[in-house]
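Take a look at the structure below.
The values are calculated or read from the model by the stated rules, or taken from the named source; none is laboratory data. As the structure is a prediction and not an experimental result, all values here were calculated from the model. Glycine also receives a Cβ, built like all others from the backbone with ideal geometry; neighbour counts cover every protein chain displayed. Surface accessibility is based on the protein's heavy atoms, side chains included, excluding ligands, DNA and RNA. Shrake-Rupley method; radii C 1.70, N 1.55, O 1.52, S 1.80 Å.
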Amino acid sequence: MTGEGSGVVGRGGGHALARVAVIVRAGVAPMVWLGVLAAAVGLVPEGLTGRRIGLYGGAAVFLVTAAVVAAVRGGRYRELERGATRAARGDILQDRAVTVRNWRRAHRWWLLAAFAAAVGSAFAVPAAGGLLLAGAGAGLWLKARALGRRESASEKLLWVRTDWAGRGRPAGTRVKGYRTTGPAAGDAAPGGARRR
């Protein structure tokens, strides 16, 4: 088993593996920053509701969205964790930066469309659309943190085959199971953050 890779199948029947928590966490920064920017721009127009109602409504939407995104498919993640098997010697562990870059490239148009929609919605409800997008990013951060806590408790890092995860769905229907390594493998800490 090697510590780096770019998504190429390894020798000896191994597979490229990406960290589950890194995939989950990859959308956090763009969603939060684009959401905050959209909310700030969204405060310029008065909108149909007025800025004050827009902000209060947006704050509520932020909290609800973060909670929903953090909880969605939680049972599926835990099911895959319970059935996880040890990574094979020939498996290639994908670098954190490669995983993040691949997710962001695959979702760049979706992110731009979400940003445009959030800005456009400000003419109806100021700032709410941006806070909705930021809330989705916060929910992903909470989900990655929860994964990190479980990884730390079990002293095992969770990985998924890149061909199963596709464009960044670590608990999608194509995923048949996770692989595990010890806590020192790869270049990302439990929860998907960079190692310090």
### Task
Using R₀ = 35 Å, calculate the FRET efficiency as 1/(1 + (r/R₀)^6) where r is the Cβ-Cβ separation of R89 and R194; round to 0.05.
0.85
### Query
Based on DSSP H runs of at least 4 residues, each adding -39500 (n - 2.57), what is the mean residue ellipticity at 222 nm of the chain after dividing by all its residues, to the nearest 500 deg cm²/dmol?
-18000 deg cm²/dmol
### Task
Calculate what fraction, in whole %, of the accessible area of the chain sits on carbon and sulfur atoms when a 1.4 Å probe is rolled over the protein chains.
62 percent
### Task
Give me D for the chain in µm² s⁻¹, whole number, from Stokes-Einstein with Rh from the Kirkwood sum over alpha-carbon pairs, 20 °C and 1.002 mPa s.
123 µm²/s
### For the stretch 9-100: span of alpha carbons on each principal axis (Å, largest first)
62, 27, 13
### Rounded Å value of the spacing that divides the Cα centres of the stretch 46-68 and the stretch 160-185
35 Å
#### Entry: GNM top mover of E151, E81, E46 - the chain, alpha-carbon springs below 10 Å
E46
### Query
Based on the alpha-carbon gyration tensor of the stretch 99-192, what equivalent-ellipsoid semi-axes (square roots of 5 times the eigenvalues) come out, in whole Å, largest first?
31, 16, 10
### Summary
Given a Förster distance of 25 Å, the FRET efficiency implied by the Cβ-Cβ spacing of A67 and R149, rounded to the nearest 0.05, works out to 0.90
### Message
Students often get this wrong: which residues of the stretch 24-50 have the backbone nitrogen under 20 Å from the point 7 angstrom along Cα-to-C-beta of E79?
### Response
24
### Task
Measure off 7 Å from each Cα along the Cα-to-Cβ vector at A29 and R101, then give the distance between these two points in nanometres to one decimal.
1.3 nm
### Task
Take the alpha carbon gyration tensor of the stretch 83-145, find the square roots of its eigenvalues, order them as a ≥ b ≥ c, and report rounded if a/c is under 1.5; if not, report prolate when a/b exceeds b/c, else oblate.
prolate
## Note on the structure
Applying the gyration tensor rule to the Cα atoms of the stretch 156-196 (axes a ≥ b ≥ c; rounded if a/c under 1.5, else prolate if a/b exceeds b/c, else oblate), the class is prolate
### Query
Using a 1.4 Å probe, how large is the accessible area of R169, given in Å² and rounded to the nearest 10?
150 Å²
### Fraction of the pair-distance distribution of the stretch 65-110 above 11 Å, Cα-Cα pairs, percent
78 percent
